[in-house]
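Written out below as structure tokens is the structure these notes cover.
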């Protein structure tokens, strides 16, 4: 469709899992299964269907009462690396995306611009 992730996904994902891991997920619109998301640190917990509502209520209550730590992904920097390295990775991804799409897809440039703005 040529759209990029919304709600800060282009800034949060690289901060959660690292720039080199995030770029292909964003550019290829990859889906991530729950166990992989848990292992990567994208989610804090995975539960089966019947456990979902009680677990969600417990987590929301703990957050509201200040008993659970909040992760502010936009402020994490440990997985991004240096700004020059990040810019090089983005420029390489831009070249690779243009080769792959033969310049016919506008969304890689928009997504990479958004990622770079978040560095």
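Let me check the size of the stretch 58-98 from its C-alpha atoms; what are the radius of gyration and Dmax in Å?
Answer for the stretch 58-98, Rg first and Dmax second: 17.5, 48 Å.
Kindly put 76, 16 in sequence by how many other C-beta atoms sit within 10 Å of each C-beta, fewest to most.
Ascending Cβ contact count within 10 Å gives the list 76, 16.
Gaussian network model of the chain, Cα springs within a sub-10 Å range: biggest mean-square fluctuation belongs to which of 19, 27, 53?
Most flexible of the set in this elastic network: 53.
Can you give the extra length, in nm with one decimal, that the chain gains between residue 73 and residue 52 once fully stretched, where that is 0.36 nm per residue apart less the Cα-Cα distance?
Extra length available between residue 73 and residue 52 comes to 5.2 nm.
Considering Cα pairs under 8 angstrom that are at least six residues apart, work out the relative contact order of the chain and quote it in whole percent.
Relative contact order of the chain: 42 percent.
Top mean-square fluctuation among 51, 91, 21, Gaussian network model of the chain, C-alpha springs under 10 Å?
51
Quick one: in the chain, what % of C-alpha pairs are over 16 Å apart?
Details: 4581 of 7021 pairs.
Result: 65 percent of Cα pairs exceed 16 Å.
Each reported figure results from applying straightforward, stated rules to the coordinates on display, with no laboratory input. What you see is a predicted model, and the numbers here were worked out from it, not measured in a lab. Note: ideal-geometry Cβ built from the backbone for every residue, glycine included; neighbour counts use all protein chains shown.
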